[in-house]
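Okay, structure first, notes after.
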Amino acid sequence: MKKNIFLGLCLTVLSACSSITEITDSSTYKDTKRFYYKHINKPAVVDFHDIAEVSEMEEKLTVSFARLDSELTNLLREMDSILDISNQVAVTNLFTKFPWISHIYALDSYGEVQGAIPSFIPEYIDFSFINDREVKTREIYANIQEIPGGHEVLVLRPYMQSGELLGYLAVSFDPKVLLPFVGDASNVLLLGVDQVLWTGNHLYSETPFDLKDWQAEINSKSFGHVENNKYKGAWLVRYLGGATLIYGVIEERDN
């Protein structure tokens, strides 16, 4: 009985294989396969002769901000890697790896400061912006605030357990402390959407970066060029935990 069942099964499989062979050998199958790979799922092809042209201004923009941007990226990764906010060695090690940080804070779930290194807490520091954000696990949040004499960037890393927010690890720094990473900072600009953080040796109002609405500009593109009758420049947007930084380079036009 078992032998007959097994023989029947083999005959069924052989019959199916025979049917598949007939289909794959048919002109209809071959035409369909040819159509699929020609029009639907085209094989990837790299055209090594199609080289995008990069202007001198764009190259200068990339070179100027590469190291600065790398520092910011490394900071976000390092904060994300600290799985336990009570790990004092890992937390204080941020000062070693990123000596341009001014403060490290421990915040409660409402953004209130519970502790700080150094222990002095500036009166102007304000983390309340986080209460307007939808906080997610291991997401990084940032804000650029105006303070007496300049600006401060605040970066927060939340800690949650079973969906409940426990608190935040936060750092703060003056964005101008990153300028040594761009080399010669005389012809670079660092902006927020509504903040002028650094303009090099130039008056902002005289540069083509003095746009009426930067938000509208970056809504449609992430980089671009600007110019007026005296200067020309290029810019690139960098999103940092919900905050917006705009990198720019500028030079005088050839008249």
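When you scan region 87-103, do you find a residue that is surrounded by 12 or more Cβ atoms within 10 Å (Cβ to Cβ), of a type in the set (S, T, N, Q) and closer than 15 Å to residue 155 by Cα, even just one? Yes, that holds for at least one residue. Return yes or no: is residue 226 touching a residue at least 60 places away in the same chain (Cβ under 8 Å) and buried (at least 16 other Cβ atoms within 10 Å of the Cβ)? So residue 226 fails the test. Within region 197-213, how many residues turn out to be open to solvent by less than 60 Å² (accessible area, probe 1.4 Å) and either under 24 Å from the mean Cα position of the chain (by Cα) or of a type outside the set (Phe, Trp, Tyr) (or both)? Summing the residues that are open to solvent by less than 60 Å² (accessible area, probe 1.4 Å) and either under 24 Å from the mean Cα position of the chain (by Cα) or of a type outside the set (Phe, Trp, Tyr) (or both) in region 197-213 gives 8.
Against the conditions (1) in a helix (DSSP H, G or I); (2) closer than 16 Å to residue 177 by Cβ; (3) without any contact (Cβ under 8 Å) to a residue 24 or more places away in the chain, residue 99 satisfies every one except (1). Residues that are more than 19 Å from the chain's Cα centre (by Cα) and under 13 Å from residue 240 (Cα atoms) within region 54-74 are absent altogether.
Residues to consider are 68, 76, 107, 83; find the one that is under 23 Å from residue 133 (Cβ atoms) and assigned to a helix (DSSP H, G or I). Outline the logic, then answer.
Working: 68 fails: under 23 Å from residue 133 (Cβ atoms); 107 fails: assigned to a helix (DSSP H, G or I); 83 fails: assigned to a helix (DSSP H, G or I).
The unique qualifying residue is 76.
In region 114-191, which strands (runs of 3 or more DSSP E) lie fully inside it and hold 3 or more residues that are surrounded by fewer than 21 Cβ atoms within 10 Å (Cβ to Cβ) and out of contact with any helix residue (DSSP H, G or I) (no Cβ under 6 Å at 6 or more places or on another chain)?
Numbers: elements: 141-147, 150-161, 164-173, 188-191.
Hits in region 114-191: 141-147, 150-161, 164-173.
The values are calculated or read from the model by the stated rules, or taken from the named source; none is laboratory data. What you are looking at is a predicted structure, and each value in this text was computed from that prediction instead of being measured. Heads up, the Cβs are rebuilt from the backbone with ideal geometry, glycines too, and the neighbour counts pull from every protein chain shown. Protein only, heavy atoms only, side chains kept; ligands, DNA and RNA dropped before computing areas. Shrake-Rupley method; radii C 1.70, N 1.55, O 1.52, S 1.80 Å.
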